[in-house]
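Have a look at the structure below before the remarks.
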Amino acid sequence: MLALAAVVFLGACSADQTDFKRETENFLKHDERVASATGIAFTKAECQAPVSTKVGTEYACVATGVDGSTWDLAATITTKARFEIFDYKVRT
């Protein structure tokens, strides 16, 4: 399984929980690396806001594939402006 990393671009501001939630949802729906790694593009994504922005904080997402399949994904904060999708699988 390939880990997917993304950077949250917020300029001089520090990312908060809402920023990580929003940026992860956008990443899942719009980044070509996601479709390449999972084999499917997502039309919808809903993530929990992480409980903090500390490195190592994990949070969950659910996404819907273009074929209607539902996927569970897990993300972790790796720096103050970066997160990584470290687990993903289709629901059966």
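Applying the set (1) of a type in the set (A, V, I, L, M, F, W, C); (2) in contact with a Phe, Trp or Tyr (Cβ under 9 Å, 6 or more places away or on another chain); (3) at pLDDT below 95 to LEU10 leaves exactly one unmet item: (2). Among the residues of region 11-63, the ones that are of a type in the set (Ser, Thr, Tyr), over 19 Å from ALA81 (Cα atoms) and outside any helix (DSSP H, G or I) come to 1 in all.
How many of the residues in region 26-72 are acidic (Asp, Glu) and surrounded by fewer than 12 Cβ atoms within 10 Å (Cβ to Cβ)?
Of all residues in region 26-72, those acidic (Asp, Glu) come to 31-32, 46, 58, 67, 72.
The next check asks that each one be surrounded by fewer than 12 Cβ atoms within 10 Å (Cβ to Cβ); those that pass are 32, 67.
Total satisfying the criteria: 2.
Residues that are at pLDDT below 95, part of a strand (DSSP E or B) and of a type in the set (D, E, K, R) do occur in region 74-83, at least one of them.
The single condition from (1) in contact with a strand residue (DSSP E or B) (Cβ under 7 Å, 6 or more places away or on another chain); (2) at pLDDT 95 or above; (3) not hydroxyl-bearing (Ser, Thr, Tyr) that VAL51 fails is (1). Scan region 17-28 for residues that are at pLDDT 95 or above and more than 9 Å from the chain's Cα centre (by Cα) and the total you get is 0.
The values are calculated or read from the model by the stated rules, or taken from the named source; none is laboratory data. Since the model is a prediction, treat every value here as computed from it, not as a measurement. Quick reminder, even Gly has a Cβ in these numbers, built from the backbone with ideal geometry, and neighbours come from all protein chains shown.
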